[in-house]
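Read the structure below first, then the notes.
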Amino acid sequence: MTCAIVYSSRTGNTKRLAEAIEASLQPQGCLYVGPPDEAALAADRLYIGFWTDKGTCDADVADFLSQVSGKEVFLFGTAGFGGEPAYFESILNRVAQCLGQGNTLIGTFMCQGRMPMAVRERYEKMLSAPASHRMPDPRKMLENFDRALPHPDAEDLARLKAAVASGLNPA
Ligand SMILES: Cc1cc2nc3c(=O)[nH]c(=O)nc-3n(C[C@H](O)[C@H](O)[C@H](O)COP(=O)(O)O)c2cc1C
């Protein structure tokens, strides 16, 4: 059984998840670790990581997923929002629909990922706008921003490793 880890990460959050997966798969080793690339399609099992863009995976990963067929697939990703497990589920459902034919989904994992400070500054500016223009509520956005700051954290990485282990040894 050969494997590859394919991921897209603009600010490093999803990269941290990919590194944790790589560490937990050793000493088996992987054929390929890196950004979406056809070279990864030589593996039997693909760990595919994305950052959330407008409620689904980023475009590079969406394009790659459409080329994947007949593989075991583990999907992982990070999102700026994350209060509700249902939110992650809805993203993962959309992402899984991007996959090509005949794949077996062996596991999924998502957690929050910190966002750039420029995003917080934008929310802060919204606080001074007239209340009727405050959509969405900037206080809630600031709360979410601050909640995301420590993520992915050690607990996220431990949960990810557990999810990867159960994909390797399904019950
Ligand atoms: C252009 C853009 C769009 C985003 N859209 C969403 C979104 O729809 N939902 C969400 O929860 N987070 C969204 N985010 C936040 C990122 O998904 C989040 O910060 C992620 O952890 C970034 O991962 P990375 O560090 O691997 O690039 C967006 C970020 C950017 C830059």
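No value in this document is a laboratory result; all are computed from the given coordinates. This structure is a prediction, so every number in the text was calculated from the model and none was measured. In this analysis, Cβ positions are derived from the backbone assuming ideal geometry, glycine residues included, and neighbour counts consider all displayed protein chains.
For the range 138-161, a residue qualifies if it is among the basic types (Lys, Arg) and farther than 29 Å from Ala23 by Cβ, and the qualifying residues are Arg139, Lys140. Hey, could you check the range 11-60 for residues that are polar (S, T, N, Q) and within 16 Å of the ligand (Cβ to nearest atom) and say which is surrounded by the fewest Cβ atoms within 10 Å (Cβ to Cβ)? Only one residue tops the list, namely Thr11. In this entry, Ala4 passes the filter for residues that are in contact with a Leu (Cβ under 7 Å, 6 or more places away or on another chain), closer than 21 Å to Thr104 by Cα and not in a helix (DSSP H, G or I).
If the condition is being in a loop (DSSP other than H, G, I, E, B) and not charged (D, E, K, R), then the range 54-87 contributes Gly55, Gln67, Val68, Ser69, Gly70, Gly80, Phe81, Gly82, Gly83. Taking the criterion of being closer than 23 Å to Arg10 by Cα and either near the ligand (Cβ under 10 Å from one of its atoms) or loosely packed, with under 12 Cβ neighbours inside 10 Å (or both), the residues of the range 99-124 that qualify are Met110, Cys111, Gln112, Gly113, Arg114, Met115, Pro116, Met117, Ala118, Val119, Glu121.
How about the range 100-113: which of its residues are assigned to a loop (DSSP other than H, G, I, E, B) and closer than 19 Å to Met1 by Cβ?
Result: Gly102, Asn103.
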